[in-house]
Amino acid sequence: MWEHLVCANCAGPVSEGRCRVCRASRERMDREGRPVSPALLVALAALVVLAALLVPRMAG
Ligand SMILES: [Zn+2]
């Protein structure tokens, strides 16, 4: 679970809510119930596929 996630801003556990970023992350995760939403994963996967298709064309 996300209790053990470390904040990129303050390097403290997100669950402790030490900084603004921690608290925002915690609120978002509370709403979604998980660190990364499936929709976000799908969007990222689509982006990777798109990049894989486009980059060789630009390079060539
Ligand atoms: Zn933080």
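Condition check: touching a Leu at 6+ places or on another chain (Cβ under 8 Å) and either among the hydroxyl-bearing types (Ser, Thr, Tyr) or at pLDDT 85 or above (or both). Does Ser37 satisfy that? So Ser37 does not fit the description; no. Contact map, segment 14-28: first residue basic (Lys, Arg), second residue buried (at least 16 other Cβ atoms within 10 Å of the Cβ) and in a helix (DSSP H, G or I), Cβ cut-off under 9 Å, separation 6 or more or different chains; pairs are Arg23/Val14; Arg26/Trp2; Arg26/Val14; Arg26/Ser15. Restricting attention to segment 24-55, the residues being near the ligand (Cβ under 8 Å from one of its atoms) and of a type in the set (D, E, K, R) number 0.
For segment 22-34, the count of residues that are at pLDDT 90 or above and either over 16 Å from the mean Cα position of the chain (by Cα) or part of a loop (DSSP other than H, G, I, E, B) (or both) is zero.
The values are calculated or read from the model by the stated rules, or taken from the named source; none is laboratory data. Just so it is clear, the structure is predicted and the values come from calculations on it, not from any experiment. No Cβ is skipped: glycine too gets one built from the backbone with ideal geometry, and neighbour counts run over all protein chains shown.
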